Amino acid sequence: MAVNLLPDVHSRWRAPKLAASLGAGAVVACPAEGVWGLSCDPFDEGAVLDLLAMKQREVSKGLIVVGASSASFSEVLDGLSPERQALILSSWPGPNTWLVPHRGCFPPWVTGDSDEVAIRVTSSPALSALCVAFGGPLVSTSANPAGLPPPHSIWELRRYFGMALQAMPGAIDPAGKPSTIRRVQDGSVIR
């Protein structure tokens with residue numbers, strides 16, 4: 001049975017409301033390519049720290065930032081060679097996350113202890129719609145506390161974080177998995 005991954009009427013209505021909550025410092029849930037994720041404004045330190053506390057994750061590990069288009073990452077992409085830019089752009093949109101030098105464009109509560117930032121243009125219709133409504137990139141990390149499996153359904157998400165967590169309607173690809181993470185400098189696969 002095919003799963004419709006296009007944003008439905010409820011998603012188009014819900015995206016502006018959740019974007020306003022993100023602008024006010026909230027953490028929200030949204031289906032990404034393969035699992036449910038938690039999102040917040042990457043430039044709001046309080047929101048990122050709240051998200052990290054929910055996940056029981058250390059800030060030193062860094063987080064993935066997603067956008068609806070490559071324009072969200074033009075500042076960091078412009079610092080790469082044309083060949084490396086082409087490699088990244090040919091893999092987007094999709095579940096392909098790239099570690100690139102952050103060039104001071106992202107704060108340390110997003111980059112962690114690294115001089116790189118993890119970036120992706122999402123192929124998830126719901127997450128893309130949320131980025132567009134918000135007007136920029138968002139943190140996107142699997143919606144699970146440390147050591148527990150990432151959720152593939154809304155009921156698993158609710159089991160972890162309760163009913164109060166605002167969520168974007170949408171579906172994940174049932175055959176999907178968390179994104180592949182590669183380092184742009186040498187092409188090595190991190191995950």
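Values in this text are rule-based calculations from the coordinates and carry no lab data. Since the structure is predicted, the reported quantities are computational estimates derived from the model, not experimental observations. Neighbour counts run over all protein chains shown; Cβ positions are idealised from the backbone, glycine included.
By the count of neighbouring beta-carbon atoms within 10 Å, fewest first, Ile190, Ile154, Ile119 end up ordered Ile190, Ile154, Ile119.
For Val121, the amide hydrogen comes within under 5 Å of the amide hydrogens of Gly67, Gly94, counting only partners 5 or more places away or on other chains and with H modelled in the peptide plane. Normalised Debye scattering of the chain at q = 0.10, 0.11 Å⁻¹ gives log10 I(q)/I(0) of -0.36, -0.43, counting only Cα atoms as equal scatterers and leaving out solvent.
Straight-line reach from Lys17: taking Cα to Cα under 20 Å and skipping same-chain neighbours fewer than 8 places apart, the aspartates and glutamates in range are Asp8, Asp41, Asp44, Asp50.
The residue list Ile181, Ala71, Pro149 was ranked by how far each Cα lies along the charge dipole of the stretch 9-183 toward its positive end, using unit charges on Cβ atoms, and Pro149 comes out on top.
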